[in-house]
1. Using amide H atoms built in the peptide plane, which far-off residues or other-chain residues are under 5 Å from Val260 H to H?
2. Amide H to amide H, which residues 5 or more places from Arg115 or on other chains are under 5 Å from it, using H placed in the peptide plane?
3. Dipole magnitude of region 165-322 about its Cα centre, charges +1 at Lys/Arg Cβ and -1 at Asp/Glu Cβ only, in debye to the nearest 20?
4. Tell me the Kirkwood radius of region 165-322: reciprocal of the mean inverse pair distance over distinct alpha-carbon atoms, in Å.
5. Output ³J(HN,Hα) for region 180-193: one whole-Hz value per residue in order, computed from phi by the Karplus curve 6.51 cos²θ - 1.76 cosθ + 1.60 with θ = phi - 60°, and x for Gly and Pro.
6. Per residue of region 197-212, what does 6.51 cos²θ - 1.76 cosθ + 1.60 with θ = phi - 60° give for ³J(HN,Hα)? Whole Hz please, x for Gly and Pro, Karplus curve as stated.
7. What ranking, highest mean first, results for peptides 92-104, 202-214 when packing means the other Cβ atoms within 10 Å averaged over each residue?
8. Rounded to whole Hz and in sequence order, give me ³J(HN,Hα) for region 102-110 from the Karplus expression 6.51 cos²θ - 1.76 cosθ + 1.60, θ = phi - 60°, writing x for Gly and Pro.
Amino acid sequence: MRRMLVSIVWAAMLAGCGIILAPVSVPVTAVANHELKIEGIVVDEQGRHVPRGQLHIRSYTVIPNATVVEGEGAVMPFDSHDSDTVKRFVDGRISASTWATYLSVTISAEGFYPRTFTLDESGLSEDVLPLGRQKAYFLEEHIAISRRDLFQIVLERKQNPQKLEEARDWLDEETGGKVTALILSTDREHFAQTRREEAKAGAVPPGRMYLEVMRDPAGGFARAADGKKPQQMTLHLGMNGGFIRVPLEKGRAEGGRMRVAPETGYSPDLVLKPEDMGRAVRAIFYVKAGEFYGVGAIENLEWREDAKTRSGSVSMAVYLFLQPDGSRNVEQ
């Protein structure tokens, strides 16, 4: 199962940030599995059955009391990914069943946007557990439907899909002042490619994308009211253009699909607060990089600290999807 090696994975990730952890304790007791059934119809926005498509079903078993010890200790649950199943459907009719604690189900069809939801013994929900990484979260939707034996899923038809070029990488800043900066290329030969380099906090060269954490008078990270998380983090673009943040509503862009990027109104800085921290997607935005428009997302905005030395780092994954033809059409 994909995540049963949680002790090795977390230790490797955090050791890479310069933080050594105590051993991970993983109880063997899991939440009980249930027979989970999916049955219903898939229609378009006019109520017509979608001719054909597929269900991608990922089943999970929850291990509720696994612990990862950081300094004085922190407790977090994790979910083990058991299996993947792909089933095709015709004339909009879907039917499947499997045994699991909960399922992540993605329904997709050519010419439509996919929809993703979770299913457990209490019914369909968007709030069971984080679903793990998916490309371009912000272009999909996590939906909630009240429990019933037969349900209906409405797929939204794509209007003007574009082929955007993806740039993605990790950014971080350590309490000691080490910063990971990115050089983003917008030339034709290396469009949307990134190159990493080390820099010093407060002295990052021009033209770099980087993460900056607010500092206190003593030079450490300024803390939020809880005394633990950093008070403020800022993503700097470092080139002509900037960001326009889009509010999230039920896991997607508030107001509907992100189809056309605004022409003006971009800020070179995207400010992030303690409430933005977490493992799933934390922010979505329009971006203008030089003369090119696109959309982007931040996920896995996380704070790691050694409780004894108070040293640590803030890190995040940043995704950019840029339109290479220079237009503001950013629908995927």
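Just so you know, all these numbers are worked out from the coordinates, no wet-lab data involved. Note that the coordinates shown come from a computational prediction; the quantities given were computed from them, not determined experimentally. Every residue, glycine as well, gets a Cβ built from its backbone with ideal geometry; the counts of neighbours run over all protein chains shown.
1. Val330
2. HN-HN under 5 Å from Arg115: Ile107.
3. 320 debye
4. Numbers: mean 1/r = 0.0619 Å⁻¹.
Kirkwood hydrodynamic radius for region 165-322: 16.2 Å.
5. Those phi angles translate into 9, 10, 10, 9, 9, 8, 10, 7, 4, 6, 10, 4, 6, 8 Hz.
6. So the J values, rounded to whole Hz, are 8, 8, 9, 10, 3, x, 9, 6, x, x, x, 10, 8, 7, 9, 10.
7. Output ranking for 92-104, 202-214: 92-104, 202-214.
8. Coupling constants for region 102-110: 7, 10, 10, 10, 10, 9, 9, 7, 4 Hz.
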